[in-house]
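Written out below as structure tokens is the structure these notes cover.
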Amino acid sequence: MRHAIGFCFALAVVSACSSSNMNAGGGQRVVPGQPAAGSGIAPGPSAGAGTGSGAAGFGNAQNPGDGLVPVTPIVDVSDSGPKNPDAGPCEVGKFCGPLGPDPDNCGSLRLEQDIEVTRHPGNLLIIFDQSLSMNDPWEQTTKIVAAQTALQNAIMTLQDSLTVGAIFFPTLGCIPGLPSVAVDPIESANQIGFQPGAMFLQSWAAHWQAIGGALGIGTPMNEAFDRADVAIQNAKLTGNLAVVAFTDGQPNCFPDETMTMIPTKPEPDRSAGWLADKMIKTYVVGLPGAAGVDLLNQVAVSGGTMEYILPNDPAALEAKLREVVSETVKMGFDSCSINLKPAADPVEKLLMVVEENGMRSKVDRMLAADAGWSITPDGSHVEITGKLCDDAKAGRFQSITFEYGCKDLPPLPPPVRPQ
């Protein structure tokens, strides 16, 4: 009679197997002297902490994790309490069953795996309102200082994995309501061209030191988006790019194509085009004074970010910017070939479970004609194939686990690619 077993192989910091039952009815302890059942990519000191199961995985933005650490198997060796009669004797890599009845005989155990996590650098283009109204007070500071500081702090934690550029507006004075040229191109000394994150932070600080409190007149956001489009088309970047626009109100200066030499488009059309053509999301940060400005919401919706950001205070602004910045840096597999040690047994009951946007889903072995996964008859090797492999490498999933689960999970829909 084969022993029912369970294990958890994960690639996310929060991906412990929720179906684990291993602590039911009593405590558990590690077998003294047993060799490690596996190793995982550790997110930091708390990796694998939890009840009944562990999870190897990616680190977060603040603590990305940097290597493999040994892991000791969790097995039931308690002499007290009834055991599942079908569990059998404890063996390294085998799930012995919980203390107490468990008709499904499921649980979780972390296994050794032989792939690594790769980090895909991200890119940001900042479009930043430096008009005179940005100097108005906000909480204990001003709008412009709060936004400067929040963005700087959000970038700092991931500066080694980011390329960042900035377009400020206005850089030249404009008369509200009249056509004008009020925004310099990104190559200008008044702007910040795309550069590594650490260098950008130096340029960011230097920019504000150079202009002091001399802010501009007018809000030529339309022209700033035209200039941003040229910068995006000319940029040679790898990895995800996101646009983050900061403003405190309604645009009131508009470009003259004969002067800028750029065919102009409304801001929502620009953000929709970036999303459709290059999968670039546009975030809009509305600072005090921007509440109720429908144009800003249109830009965010067209840019794939649902609605514009209206933070209640500088702390909320910084927290949201950290989320936005971290989304541009993706983690993924460096391979879709995975060796499992010890081997899965029974093979036919093994589940692949992914977490996407906080939701866990089971993945059919034949997910689609060009996507799926397979495992060798001896349970020692998993191969993720086709578009599912592409998504795993691109960092689509927060976690991927192979487990024996008790809970019925919804199926993952087949991958869809934009036309």
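Values quoted throughout were computed directly from the atomic coordinates according to the rules given, and no laboratory measurement underlies them. These numbers come from a predicted model, not from an experiment. Cβ coordinates were reconstructed from backbone atoms using ideal geometry, including for glycine residues, and neighbour counts include every protein chain displayed.
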Go through 233-243, 294-304, 273-283 and give me the packing order, highest mean Cβ count within 10 Å leading.
294-304, 273-283, 233-243
Residues with beta-carbon under 13 Å from that of residue 329, excluding residue 329: net charge, scoring Lys, Arg +1 and Asp, Glu -1?
0
quick note, the stretch 274-413, DSSP beta bridge pairs, % antiparallel (nearest 5) is 90
What percent antiparallel are the DSSP beta bridges of the stretch 122-328, to the nearest 5?
15
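So, counting K/R as plus one and D/E as minus one, what does the shell of residues with Cβ under 11 Å around residue 169 add up to? The partial results should precede the final answer.
Numbers: positive: 227; negative: 129, 184, 223, 226.
Taking every Cβ under 11 Å from that of residue 169, the sum is -3.
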Can you run phi through the Karplus equation (6.51, -1.76, 1.60; θ = phi - 60°) for the stretch 376-392 and list ³J(HN,Hα) in whole Hz, with x for Gly and Pro?
5, x, 8, x, 9, 9, 10, 10, 9, 10, x, 5, 5, 5, 4, 5, 5
Tell me, what is the FRET efficiency for residue 378 and residue 257 to the nearest 0.05, using R0 = 41 angstrom and their Cβ-Cβ distance as r?
0.05
How much length, in nm to one decimal, is gained on full extension between residue 209 and residue 385, taken as 0.36 nm per residue of separation minus their Cα-Cα distance?
58.2 nm
Let me know the shape class of the stretch 122-328, please: from the alpha-carbon gyration tensor, a ≥ b ≥ c as square roots of the eigenvalues, rounded when a/c is under 1.5, otherwise prolate if a/b is greater than b/c, or oblate.
rounded
Based on Cα positions only, what radius of gyration and what Dmax would you give for the stretch 203-277, in angstroms?
14.2, 38
Given points 7 Å out from each Cα along the Cα-Cβ axis, report the residue 276 to residue 307 separation in nanometres with one decimal.
2.5
5 Å is the cut-off here: which amide hydrogens, built 1.01 Å from N in the peptide plane, fall below it relative to residue 180, excluding neighbours closer than 5 in sequence?
254, 256
For residue 168, distant residues with modelled amide H under 5 Å away:
128, 192
Based on the Cβ-Cβ distance of residue 135 and residue 339, what FRET efficiency does E = 1/(1 + (r/R0)^6) give at R0 = 56 Å, to the nearest 0.05?
0.40
Could you pull out every residue, at least 5 positions away or on a different chain, whose amide H is within less than 5 Å of the one on residue 283? Hs are placed 1.01 Å off N in the peptide plane, and Pro or chain starts have none.
243, 244, 245
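What is the stretch 251-300 by shape, rounded, prolate or oblate, if you read a ≥ b ≥ c off the alpha carbon gyration tensor as root eigenvalues and call it rounded for a/c under 1.5, prolate for a/b larger than b/c, and oblate otherwise?
Details: a/c = 2.78, a/b = 1.17, b/c = 2.39.
Oblate shape, in that a/c is at least 1.5 and b/c is the bigger or equal ratio.
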Could you give the length gained by full extension between residue 142 and residue 265, i.e. 0.36 nm per residue of separation minus their alpha carbon distance, to one decimal place?
41.2 nm
Each label sits 7 Å from Cα toward the beta-carbon; between residue 315 and residue 235 the label points are separated, in nm, by 3.2
Using 0.36 nm per residue of separation minus the Cα-Cα distance, give me the extension gain between residue 120 and residue 369 in nm, one decimal.
86.9 nm
